[in-house]
Amino acid sequence: MIIAVASGKGGTGKTTIATSLALTLASDRPVLFLDCDVEAPNAHLLLKSSFNQRKDATLLVPVIDESRCGQCGTCAEVCQYNALAVTEQRVLVFPEMCHGCGSCALNCAWGAIREVPRGLGILESGNTPAGIRVACGLLNIGEALAVPVIRQLKASTPARPGETTIIDAPPGTSCPVVEALRGADYVILVTEPTPFGLHDLKLAYELTRELGLPAGVIINRNGIGDQRVDDFCQHVGLPVLLHIPMDRAIAVGIAQGIPLTTLKPDYRPLFRQLLLTIAGVRP
Amino acid sequence: MKIAISVTAPKPGAAFATRFGRAPAFVIIDTNTDDRQTVANPAARAGGGAGIRAAEFLIRQGVEAVISGAFGPKASDVLRPSGLRLYRAASGTVDDLVARLLKGDLDAVEDA
């Protein structure tokens, strides 16, 4: 079973929820936690992860052998990302534009294109004191391509038999989120009861529908806004799994790296119930 | 000399466009014959790398100088090594811009 925790709006509490779910489950079953928020992975701060394995996330990008190049222009023509430009003097490569599809090398009639790995970020894996197996992707600063890092993180850390996977997704509804949600059995959308929270929840809900994934909502910081998120969920038939009231003590605790379920053990049975509700998982 | 000017539509009389890579079209003027043609920019709606593709397109058209409002760094990286001269302007009609270029009244984009 793979449960992804996502949100449209950032800062709604995805990591708070994902880590609490993982810790609740981990008391009696094996859990794999994937921090797919590769632009700002931070679940390790709450899970107290220790990483003992590290490898590079890379993308194959073209290098032109000018002595073989026939200047035919085919490579630039087939590139869907405009990462190549054929000028009279030479072929220019813009590696930061390349998505690593390999079309240029495949279509080069001159055998002038070699593909070399370009580092995008790093993948780390290890364990937590609660016995959760963890893996985390970290995108290099200034790098735009989060998707291959997320894809390689998921591929390099497959779930073992019997393991429940919790995915902490990036915020938003763009390609990195799609990549993080791919293959999930259920998506928990975390939001807050504000106009921004509602607006971005609608987008995230549309995304789960587009992907054909069942979803439910957790309304965090309940009480700071109005009823409109609840009303929307009721209107479209999106189950509200849990309300977490606005509580300064939770904010203070999370800021100190204390998981919600440690800070407020009363939430453990609520998360257990939630897990039962969403997929018949029996923690 | 062949000059390309970025414009807002692929039709005669279109207004000057202040962005290079995503300009909807270019007017290409041969100052020797005064022959001019308006061509759609194949990169106008590119997902990314519009400047790169637009630059490559103009090089293939045999253009020697380009007038636009702004050139991105990647467009410059393609255009300049191929010997094209880049000029920046804030506004103007195509006729006006050609006249100003020929009089030496336009700012050339200097080496970075």
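The criterion of at least 3 residues that are surrounded by fewer than 19 Cβ atoms within 10 Å (Cβ to Cβ) and away from every other protein chain (no Cβ under 14 Å) is met by the following strands (runs of 3 or more DSSP E) wholly inside segment A:82-129: A:113-127.
Scanning segment B:55-112 for residues being outside any loop (DSSP other than H, G, I, E, B) and of a type in the set (Val, Ile, Thr) gives a total of 6. Taking the condition within 14 Å of the chain's Cα centre (by Cα) and within 16 Å of A:ALA6 (Cβ to Cβ), does A:ALA135 pass? Criteria not met by A:ALA135.
Determine if segment A:138-157 includes at least one residue that is outside any strand (DSSP E or B) and closer than 21 Å to A:LEU276 by Cα.
No, because not a single residue in segment A:138-157 is outside any strand (DSSP E or B) and closer than 21 Å to A:LEU276 by Cα.
Filtered by the rule that a residue be of a type in the set (A, V, I, L, M, F, W, C) and surrounded by fewer than 21 Cβ atoms within 10 Å (Cβ to Cβ), segment A:171-185 gives A:CYS175, A:VAL178.
Inspection of segment A:40-52 identifies at least one residue that is among the basic types (Lys, Arg) and at positive phi. Applying a threshold of 9 Å to beta carbon distances and a minimum spacing of six or more residues, or different chains, the list of pairs starting in segment B:51-63 at a residue that is on the phi > 0 side of the Ramachandran plot and ending at one that is assigned to a helix (DSSP H, G or I) is empty. Set side by side, the residues A:ALA144, A:ALA159 differ, and just one is among the aliphatic types (A, V, I, L, M), surrounded by fewer than 22 Cβ atoms within 10 Å (Cβ to Cβ) and within 13 Å of chain B (Cβ to nearest Cβ), which is A:ALA144. A residue that is within 14 Å of another protein chain (Cβ to nearest Cβ) and either within 30 Å of A:HIS99 (Cα to Cα) or among the β-branched types (Val, Ile, Thr) (or both) occurs nowhere in segment B:94-102.
Scanning segment A:187-220 for residues that are assigned to a strand (DSSP E or B) and buried (at least 21 other Cβ atoms within 10 Å of the Cβ) gives A:VAL187, A:ILE188, A:LEU189, A:VAL190, A:THR191, A:ALA215, A:VAL217, A:ILE218, A:ILE219, A:ASN220.
Taken together, the values in this text are just the output of simple stated rules run on the coordinates, not laboratory data. Worth saying up front: this structure is predicted, and the values here are computed from it rather than measured. Neighbour counts are summed over all protein chains in view; Cβ atoms, including those assigned to glycine, are modelled from backbone coordinates with ideal geometry.
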